[in-house]
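The structure under discussion appears below in the form of structure tokens.
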Amino acid sequence: MAVSAETSRSHAKNRFAIVLAVLMAALILLDVGLDQGARKAALFSIGLAMGITLYASSFGFSGSWRAFLSEGHGAGLRGQMLMLAIACLLFFPAIEARELFGHRVGGFVAPVGLSVAVGAFLFGIGMQLGGACASGTLFTVGGGNSRMAITLLFFVIGSVAATHHLGWWLALPSFGPVSVIRIFGAWPALVMALALFGGIAALSVWIEHRKHGRLISHQRDGDALRHPLWRGAWPWIWGAIALALLNYATLALAGRPWGITSAFALWGAQGADTLGIPVGDWDYWQRRTGALSQNLLADTTSLMNFGIMIGALAAAGIAGKFSPGFRIGVRPAAAAVIGGLLLGYGARLAFGCNIGSFFSGTASGSLHGILWLACAGVGNLLALRLRPLFGL
């Protein structure tokens, strides 16, 4: 009887998650569609699809990097390299032409400098202490993870704090924006990018073979092409393909790639402004006139972030895994606070996160995306030594 009651409660929670997700999605689609048009409604729908994909495939970055750096399991890392390869194949010609389907588009090309290096390093530490990257934070919060809600709160706080100091960081030495597409042309740059991704994937295979004697087989790695999507636990290959295509759709509709963390700074700034903190006097926000009074649904990045969380909520309910808990130990909670602050602060310094800088920056042909990967990797290595101190 006890088991039956527990099962009944679990079913009720998951039905509630599905109904809530559908209602929120319908209301936002109606509001955005009527007020801002079909293009914004489509971008919100892409966010929903991203949330479902991220949750169903568990396509986070921090867990994959932790598995590779600490245990030599490289499936997740290879999934990321596949995602980047597909994205670059799609993005590079469009970025060079500056046009896609008749609409003007541009990539995320940012300076290659100390601010990126330091920001990515801090972000890498935050990934392992906070428990996720930017996309991972959104989809785990949407799926009901209460510790990650703490990470998200302090991610927002760290983001807005960084906007107060950003001018100082950007004044540090930098080579300026470096686009391999502009320097070499789309197709030679693509060959170099694919060689890099293939080399990293091959290195992960070699390390995994050396450490374990074989490639470790997981459910999501095997028989990928026949795996039914509706069962959840998608293979990495499905997550990689879907996210690359969804980012391409974002480029086509928004005129720029997928980003996440600029919205966190906006959320934090609006909250701080409401509390009477004069963020409007900061140089960062003075250059963004009207942002502090803007409807968040009018901000494309915020709109897509809401879609990701709602999509993940629906996916958790459909998979029967929506079960939020509120028992969080002191040390894991402290790690979430520190990790969130480092994630938010680091993302602003580095012109974005694992999505805006690494995924979309690399897909845009910007060298700062590769610098981000290297420096965030070092931060992850250091943080792996810190995790046990927080009971992680």
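The values are calculated or read from the model by the stated rules, or taken from the named source; none is laboratory data. Computed from a predicted structure; not experimentally measured. Reconstructed Cβ throughout: ideal geometry from the backbone, glycine too, with neighbour counts over all protein chains shown.
Here are some notes:
- The residues of segment 216-245 that are modelled with pLDDT of 70 or more, crowded, with 20+ Cβ neighbours inside 10 Å and assigned to a helix (DSSP H, G or I), listed by number, are TRP236, GLY239, ALA240, ALA242, LEU243, ALA244.
- Of residues in segment 136-154 being of a type in the set (Gly, Ala, Ser) and surrounded by 24 or more Cβ atoms within 10 Å (Cβ to Cβ), the one farthest from ALA347 (Cα to Cα): GLY143
- Here is the figure for segment 362-392: residues that are in contact with a Pro (Cβ under 8 Å, 6 or more places away or on another chain) and part of a helix (DSSP H, G or I) total 3.
- Conditions (1) surrounded by fewer than 19 Cβ atoms within 10 Å (Cβ to Cβ); (2) out of contact with any Ser or Thr (no Cβ under 9 Å at 6 or more places or on another chain); (3) closer than 15 Å to ILE355 by Cβ: number failed by ALA252: (3)
- Tally, over segment 32-51, of residues that are farther than 22 Å from LEU243 by Cβ, surrounded by 15 or more Cβ atoms within 10 Å (Cβ to Cβ) and among the hydrophobic types (A, V, I, L, M, F, W, C): 1
- Screening segment 156-215 for residues that are of a type in the set (Ser, Thr, Tyr) and not in a helix (DSSP H, G or I) and picking the one that is nearest to the chain's Cα centre (by Cα) gives SER179.
- If you go through segment 152-174 and pick out every residue that is within 19 Å of ALA272 (Cβ to Cβ) and polar (S, T, N, Q), you end up with 2.
- Flag not set for ILE125, criterion: touching a residue at least 40 places away in the same chain (Cβ under 8 Å), surrounded by fewer than 22 Cβ atoms within 10 Å (Cβ to Cβ) and under 25 Å from LEU392 (Cα atoms).
- For segment 1-59, the set of residues classified as outside any helix (DSSP H, G or I) and either among the aliphatic types (A, V, I, L, M) or at pLDDT below 90 (or both) consists of MET1, SER58, PHE59, listed by residue number.
- Checked against the criteria, ARG288 counts as at pLDDT below 95, part of a loop (DSSP other than H, G, I, E, B), within 22 Å of PHE155 (Cβ to Cβ) and not β-branched (Val, Ile, Thr).
- Qualifying residues in segment 303-329 (those that are part of a loop (DSSP other than H, G, I, E, B), in contact with a helix residue (DSSP H, G or I) (Cβ under 8 Å, 6 or more places away or on another chain) and not β-branched (Val, Ile, Thr)) - the one farthest from TYR55 (Cα to Cα): PHE326
- Cβ-Cβ contacts under 9 Å between residues 6 or more apart (or on different chains), taken from a first residue in segment 143-162 that is of a type in the set (A, V, I, L, M, F, W, C) to a second residue that is modelled with pLDDT of 90 or more and outside any helix (DSSP H, G or I), are listed as VAL160/ILE277.
- In segment 62-80, the residues that are touching a residue at least 40 places away in the same chain (Cβ under 8 Å) reach residues that are in a helix (DSSP H, G or I) and of a type in the set (Val, Ile, Thr) with C-beta atoms within less than 6 angstrom, at least six apart or across chains, in these pairs: GLY72/ILE207.
- Residue in segment 269-292 that is surrounded by 22 or more Cβ atoms within 10 Å (Cβ to Cβ), touching a Leu at 6+ places or on another chain (Cβ under 7 Å) and closer than 29 Å to LEU100 by Cα present: no
- Top-ranked residue in segment 344-361 [being in contact with a Cys (Cβ under 9 Å, 6 or more places away or on another chain) and part of a loop (DSSP other than H, G, I, E, B); ranked as modelled with the lowest pLDDT]: CYS353
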